[in-house]
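Comments concern the structure below.
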Amino acid sequence: MPFKLTEEFKAKAAHICARYPRKDAALIPLLQELQGQAGFVAEEAMDALAQYLELPYARVKGVVTFYTMFNRAPLGKYHLQVCRNISCHMAGAPALLGRLKEKLGIAEGETTKDGLFTLSTVECLGACGTAPVLQANEDYFENLTPEKLDALIDDLKHGKHPLKR
Ligand code: FES
C-alpha cells in the first residue's frame, strides 16, 4: 500500500510551511516531523513529501542521506552513535567503534537481531573537549574508554541504564 501523508501531518506541515517564505524551505523541519511520527523516514515517505512540497524526489533523498540525524530504517531500542570527527578519532574512537562492532556482531548502519542496538557513526557531537564521545539515544557518554564502553553495553543489555528514550 502506498504511503500517504496523514491529515494530521498535513495540518502541521501547513503550519510549519507558513513560517518560511517558500514552502520548500521547510523541508528539514518536515522531515523531522515525519521522523518524529515513525522513528525513521521511509523511501515512500520521502516520495510523498517530495510531492507535497513539489520538489524532485532526489532533493529530499539527498537531504535525508546527507544528515546523519535522519534514519532510513527502524532503529533498535538503543541507537549508538560514535563520533568519527577529528578530536574523537585522535582520542581513540576507531578502536571503540571496532570494539562495538565485535561486541555486538554488527557493522555500521546495522541493528542487532534482537532489536536492541543500532550502530552508527556521526560527525562532531559538539563535545570535542571530552573526546571520545558516544551518543546513546539522547544521552552523551564522554571520555570513553574500552572499559567504560563495555560497562555501558552490559548495563544497557540488562536494562540497568535509564536513557532518556
Ligand atoms: S570531534 Fe567528537 S565531539 Fe567533536
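The values are calculated or read from the model by the stated rules, or taken from the named source; none is laboratory data. This structure is a prediction, so every number in the text was calculated from the model and none was measured. Counting neighbours? That spans all protein chains shown, and the Cβs are built from the backbone with ideal geometry, glycine included.
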message = Just checking, does region 122-137 include any residue being under 15 Å from Tyr78 (Cα atoms), free of Cβ contacts under 8 Å to residues at least 40 places away in the same chain and away from the ligand (no atom under 14 Å from the Cβ)?
response = no
ask   = Which one is nearest to Gly126 (Cα to Cα) among residues in region 75-99 that are in contact with a helix residue (DSSP H, G or I) (Cβ under 9 Å, 6 or more places away or on another chain), assigned to a strand (DSSP E or B) and not aliphatic (A, V, I, L, M)?
value = Cys83
request  = Could you run through region 122-165 and say how many residues are in a strand (DSSP E or B) and of a type in the set (D, E, K, R)?
outcome  = 1
task = Return a yes/no flag: does region 108-130 have any residue that is aromatic (Phe, Trp, Tyr), buried (at least 16 other Cβ atoms within 10 Å of the Cβ) and at pLDDT 95 or above.
result = yes
key: Residue selected from region 69-86 under the condition surrounded by 17 or more Cβ atoms within 10 Å (Cβ to Cβ) and within 10 Å of the ligand (Cβ to nearest atom), by the criterion farthest from Asp155 (Cα to Cα)   = Asn85
query = Under 6 Å by Cβ, and 6 or more places apart or on different chains, what pairs join a residue from region 149-162 that is modelled with pLDDT under 85 with one that is not in a loop (DSSP other than H, G, I, E, B)?
reply = His161/Asp155
Residue pairs meeting the criteria (Cβ under 6 Å; at least 6 apart or on separate chains; first closer than 15 Å to Pro29 by Cα, in region 55-67; second of a type in the set (Val, Ile, Thr)) = Val64/Val41
message = Which numbered condition in (1) exposed (fewer than 14 other Cβ atoms within 10 Å of the Cβ); (2) closer than 12 Å to His79 by Cβ is the only one that Glu102 fails?
response = (2)
